[in-house]
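The values are calculated or read from the model by the stated rules, or taken from the named source; none is laboratory data. Only a predicted model underlies this, so the values are computations on that prediction, with no experimental measurement involved. Every residue, glycine among them, receives a Cβ derived from its backbone with ideal geometry; neighbour counts consider all protein chains shown.
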Amino acid sequence: MAFERFDDTVLFTYEHIWLKKVDYGIFRCGITFHIAELLGEIISAEFIKNIIGMEIYQNDAIATIESLRDVIEIKSPLHGTITNINREIYDNPVIINEDPHGDGWLFEIEPIDGRFLDVISEEEYIDFVNKMKIEE
C-alpha cells in the first residue's frame, strides 16, 4: 500500500492513529496506512459500549480491531468526548484496509483541554515508520 499524502492539518501518533480536523473543534481519527497493511485483512471492529458522548482520556482503550493476523486495541489519541463513530465499519470492516485515511475512519472526538500530547507531523510519522522498517 503506497503512502497517501495528507495536507498539513493532519497529525499522527506513535500508536499509528491519524487525526484530521473536520469541523470546528472536532477531529476525525483512524488507523494509519502502515498499521492497516501490517494487520492484513480486517474482519471486525468494535467500540466499547455507549461510547458516543463519553469523556475519554488520552490512551484509554476505545475499540478493538481484529484481523486474520492479530487483534489490536485502539486507544484515544487525546482527552476528549467521542462525538461520532463510523458505523459502516461494523458491516464492512474491510474498508479500514481499503481506505484507512478516508472511508475507513474510526471515530470523531472533540478535545476537552485543547492539549495535543504525543502527536507528530506527517513527516515525523514517515520517519518513525521508516526507522521501524530498518529495525525489523
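Here are the numbers for the structure shown:
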quantity: Residues within the stretch 20-53 that are touching a residue at least 40 places away in the same chain (Cβ under 8 Å), buried (at least 17 other Cβ atoms within 10 Å of the Cβ) and in a strand (DSSP E or B), tallied; calculated: 8
quantity: Any hit, the stretch 54-77, residues being in contact with a Phe, Trp or Tyr (Cβ under 9 Å, 6 or more places away or on another chain), assigned to a loop (DSSP other than H, G, I, E, B) and surrounded by 20 or more Cβ atoms within 10 Å (Cβ to Cβ); calculated: yes
quantity: Identity of the residue in the stretch 75-99, of a type in the set (A, V, I, L, M, F, W, C) and under 22 Å from Glu110 (Cβ atoms), that ends up modelled with the lowest pLDDT; calculated: Leu78
quantity: The stretch 78-109: number of residues that are acidic (Asp, Glu) and in a loop (DSSP other than H, G, I, E, B); calculated: 2
quantity: For Ile26: the one exception among (1) modelled with pLDDT of 95 or more; (2) within 25 Å of Gly114 (Cα to Cα); calculated: (1)
quantity: Answer from Asp127, Asp60 - the residue that is touching a Lys or Arg at 6+ places or on another chain (Cβ under 7 Å) and without any contact (Cβ under 8 Å) to a residue 24 or more places away in the chain; calculated: Asp60
quantity: Out of Leu106, Leu117, sole residue that is surrounded by fewer than 15 Cβ atoms within 10 Å (Cβ to Cβ) and either out of contact with any His (no Cβ under 7 Å at 6 or more places or on another chain) or among the charged types (D, E, K, R) (or both); calculated: Leu117
